[in-house]
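The values are calculated or read from the model by the stated rules, or taken from the named source; none is laboratory data. Everything numeric in this text was worked out from a predicted model, so none of it was measured. Every residue, glycine among them, receives a Cβ derived from its backbone with ideal geometry; neighbour counts consider all protein chains shown. Just so you know, the surface numbers come from the protein's heavy atoms only, side chains and all, with ligands and any DNA or RNA stripped out. Shrake-Rupley method; radii C 1.70, N 1.55, O 1.52, S 1.80 Å.
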Amino acid sequence: MKHFILTILVVMSINSVNASEQNPVTRFGIAISNDKEQIAYSVNGRGKTSLIFIHGWSLDSRLWQNQTLYFSEEYQVITIDLAGHGNSSYNREDYTMVSFANDIKAVIEKEGINSAILIGHSMGGGVIAEAAKLMPNKVVGIIGVDTSQNVALKLTQEELNVMTKPFEDNFQRAMRAFVKDALPKNVEEDMLYWISEDMASAPKDIAINQFRNYLSQYISGESYRVYKDINVPVVLVNAKLWPTDSEENKKHIKNYSIYFIEETGHFPMLEKPSEFNKLLLKAVKSVE
């Protein structure tokens, strides 16, 4: 009987090790940004190159739930909640792209990373561009996901005010409408609901501040000027819901390439995770 029990314990131990190898333990951390904001992040896997995933407007690191395990088999994978999002602190007065870039810098410095590929969705595309400019010796490439459709797009302050007004009048209704328009008509109801309600639950004043700061780049021209100081590869993985003007982008981005994912909306990492992961891996390999 004792031998039987011992055998069972050994088998359980082996199974536990195998399960641990298949599902690596996530390590959580807090980094302090340059303005004292607490930046929550998670780490999975190991590798010489770190893939740092940055969410978009009014989302958080859960956006990348379908990518963490896939990429951590070969790379160190870090997902970050930018200040004013997720589990990070919400004390910043002005949520600029440069301030978000400093959030990434804080994590990179705390983790002692020397080779990072930054992957940013939507607003995160503007953030990773600023971060690449901020850390030219540590960032080896940036990959935007359904973002930067035209870095030289020109907006006026009046146009930005018109775009912002629905969110000021009724934030939750405007956010739900935004998400609905950003997804195909045949999207699964559960996915539409999850994304809509998640984004609609963001603090209104903070979300609007971020929205204005992100789009004000297209008034000032910083949306394309930032690339003057970026010499590393810039890759886009974009959907076709909104057209991408690659000819215009190439005028401002030195080392530019793009991959398209078919039949998705603004959230391809959630809509078609398997196809997206394979395409994103191609983009990562092209940077390396």
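Observations on the model:
- Search result, residues across the range 166-202 that are surrounded by fewer than 15 Cβ atoms within 10 Å (Cβ to Cβ) and outside any helix (DSSP H, G or I): 170, 184, 185, 186, 188, 201
- Residues that are farther than 24 Å from residue 63 by Cβ and not in a helix (DSSP H, G or I), drawn from the range 231-252: 231, 245
- Filtered by the rule that a residue be free of Cβ contacts under 8 Å to residues at least 60 places away in the same chain and either in a strand (DSSP E or B) or surrounded by 15 or more Cβ atoms within 10 Å (Cβ to Cβ) (or both), the range 21-34 gives 24, 27, 28, 30.
- Once the range 35-69 is narrowed to residues that are more than 19 Å from residue 147 (Cα to Cα) and of a type in the set (Val, Ile, Thr), the residue that is surrounded by the most Cβ atoms within 10 Å (Cβ to Cβ) is 39.
- Of all residues in the range 158-183, none that is of a type in the set (Lys, Arg) and at pLDDT below 95 has its Cβ atom under 6 Å from the Cβ atom of a residue that is exposed (fewer than 14 other Cβ atoms within 10 Å of the Cβ) and in a helix (DSSP H, G or I), 6 or more apart or on another chain.
- The condition of being within 23 Å of residue 216 (Cβ to Cβ), modelled with pLDDT of 95 or more, outside any strand (DSSP E or B) and in contact with a helix residue (DSSP H, G or I) (Cβ under 8 Å, 6 or more places away or on another chain) holds for only one of 91, 102, 66, that being 102.
- Criterion applied to 142, 78 was being touching a residue at least 40 places away in the same chain (Cβ under 8 Å) and under 19 Å from residue 50 (Cβ atoms), and the one residue passing it is 142.
- Candidates 122, 115, 88 - the one that is under 26 Å from residue 286 (Cα atoms), under 16 Å from the mean Cα position of the chain (by Cα) and among the hydroxyl-bearing types (Ser, Thr, Tyr): 122
- Residues satisfying the stated conditions in the range 203-229, i.e. open to solvent by 10 Å² or more (accessible area, probe 1.4 Å) and among the aliphatic types (A, V, I, L, M): 206, 208, 215, 219
- Look at the range 48-59: where a residue is part of a strand (DSSP E or B) and a partner is of a type in the set (Phe, Trp, Tyr), sitting 6+ places away or on another chain with Cβ atoms under 6 Å, you get 51/71; 51/75; 53/64.
- Considering residues of the range 242-253 that are open to solvent by less than 70 Å² (accessible area, probe 1.4 Å) and in contact (Cβ under 8 Å) with a residue 60 or more places away in the chain only, the residue farthest from residue 270 (Cα to Cα): 252
- Count - residues of the range 137-185 that are basic (Lys, Arg) and over 21 Å from residue 270 (Cβ atoms): 4
- Listed by first and then second residue, the pairs with beta-carbon distance under 8 Å, at least 6 apart or on different chains, first residue in the range 254-281 and farther than 25 Å from residue 72 by Cβ, second modelled with pLDDT under 95 and surrounded by 22 or more Cβ atoms within 10 Å (Cβ to Cβ), form an empty list.
- For the range 135-165, residues that are open to solvent by 30 Å² or more (accessible area, probe 1.4 Å) and in a helix (DSSP H, G or I) total 7.
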